[in-house]
1. Size of the stretch 1-92 along its principal axes in angstrom, Cα-based, largest extent first?
2. Going by average Cβ neighbours within 10 Å, how do the peptides 277-284, 183-190 rank, with the highest at the top?
3. Sort K177, K249 by accessible area with a 1.4 Å probe, largest first.
4. Report, to the nearest 10°, how far helix 347-357 tilts away from the longest principal axis of the Cα atoms in the chain, using its own Cα long axis and a range of 0 to 90°.
5. Dimensions of the stretch 120-224 along principal axes (Cα, Å, largest first)?
6. Which value, in Å² and to the nearest 10, is the accessible area of K127 when all protein chains are kept and the probe is 1.4 Å?
7. How many percent of the alpha carbon pairs in the stretch 207-336 exceed a separation of 17 Å?
8. Of the GluC sites (Glu not before Pro) in the stretch 27-69, which ones lie in a loop per DSSP and count no more than 11 other C-beta atoms within 10 Å?
Amino acid sequence: MNAPVSPIEQLQLGLPELDWITDPNRIQRLSQDFSWFSPVLTRQLEGKVAEAVVRPRTEAQIRQLVSACVRLKLPLTVRGSGTGNYGQTTPLAGGVVMDMTSFNELLWLRPGLARAQAGIRLNEIEKAAQAEGQELRCMPSTYRSATLGGLFGGGFGGVGSINYGPLAAAGNVVGIKAMTIEAEPQVIELRGAEALRLHHLWGTNGLVLELEIGLAPARPWLETLAVFTDFDAALAFGDQLARAPGIEKREVAFLASPVPDYLTQLGDYLPKGCHAVLSLVSEAGEEALNELVAAHGGTVSYRRTAAEVTRSHKTLMEYTWNHTTLHALKVDKSLTYLQTSFTPGEYVKQITELSQRYAGEVFMHAEFLRNLDGQINCSALQIVRFTTEERLQQIIDEHRAYGVRINNPHTFIVEDGKAGGDLPEEVLAMKARFDPFGLLNPGKLRGWPVAAAA
């Protein structure tokens, strides 16, 4: 007698024209993201792997796949390039990982707007926009490989957020096209605030097919490192540069000692034990920048014009945001990180006091940005010297007791990552609307009946 055919085998037999990945090593790799940044997630997600990985190329193929998964009650986890850090794309219940990177067409560019399929790499949009005098408003440090859909599903902010705020700021995401997870999938256009009800939820409550995003006018950006011997002076310079209305900028990051020591590829420009501010300012603002650096007792140790960056294909953007953590982990694998949001108007005091309190254990890396209200603020991606999970949780609890927000990067539960908060009713309603059978990335929403998904 023939052995019974498993649901996964039925799925593959029924859709032979799709691009199925069958090599076990590739399936394992495509079941992971950068959650190894967290020793907690490394332990919790060990052994979690998909039963199959597929790369659809058209909307029709995606529709076929979704319909078949619903009929067979197979969990479906949507993946971009896997540059996230929270185990978003690690399937907890097996099933199918749908790799969207072959669904990657740039649909159109207009003044101030672009529309593209979810699997397109952000660098492709950036290059096309630059050719027309525009650029992305918000770009993660992983922009060379990260996808547009991945940024929407798991991202927060990035290079450019000093001007345009996080991705959730009004006008950054104008609209999306999403598909319901049903036997007869529906395709629905969501605009504005309604579209954001699928944002930063790790692909748990809707399958995003296309995104329409805001663009900014392109500028020739000067990339610099300013170094200081004094913590307070470096932080004051970064703060003043971030708030200077007459200096156009795309990125300002404060790197307190010993963080610069971990950026070994920039070692010639970062004296041992220094504090540094990494910035991208318009080339027209170089004189004003240099005046600010000198006024705070610093030195510009690294300078590259936009043309030099283009020729070298090397950019300081890949030392910002969570790329800073990546560089540090390459040097010392015992490190991990936190994600902290400070209080507008109080962030200098909070950064200073927390850096003193956790000297030798938590190292400050702060990114200046505008918040949703347009105020200049900081979000930190501090580097932490990891000892135990209990101590890590204690540090998180102490930060929250101090009055700053921790978005916990050491959990794969969406709500717990959002400072332990519950999701708004309208977000849960969107989950019910787009994923009525609970098949999308099950196990990642604490406020959803996971048992039903199983």
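The values are calculated or read from the model by the stated rules, or taken from the named source; none is laboratory data. Please read all numbers here as calculations on a predicted model, not as lab measurements. Note: ideal-geometry Cβ built from the backbone for every residue, glycine included; neighbour counts use all protein chains shown. Quick note on the areas: whole protein, heavy atoms, side chains included, nothing else; ligands and nucleic acids left out. Shrake-Rupley method; radii C 1.70, N 1.55, O 1.52, S 1.80 Å.
1. 43, 36, 22
2. Going from most to least packed, we get 277-284, 183-190.
3. Largest to smallest exposure gives the sequence K177, K249.
4. It works out to around 90 degrees.
5. If we take the Cα atoms of the stretch 120-224, the spans are 52, 22, 21 Å.
6. The accessible area of K127 comes to roughly 110 Å².
7. 59 percent
8. Numbers: sites: E46, E51, E59; in loops: E46, E51.
Listed in order of number, the matching sites are E46.
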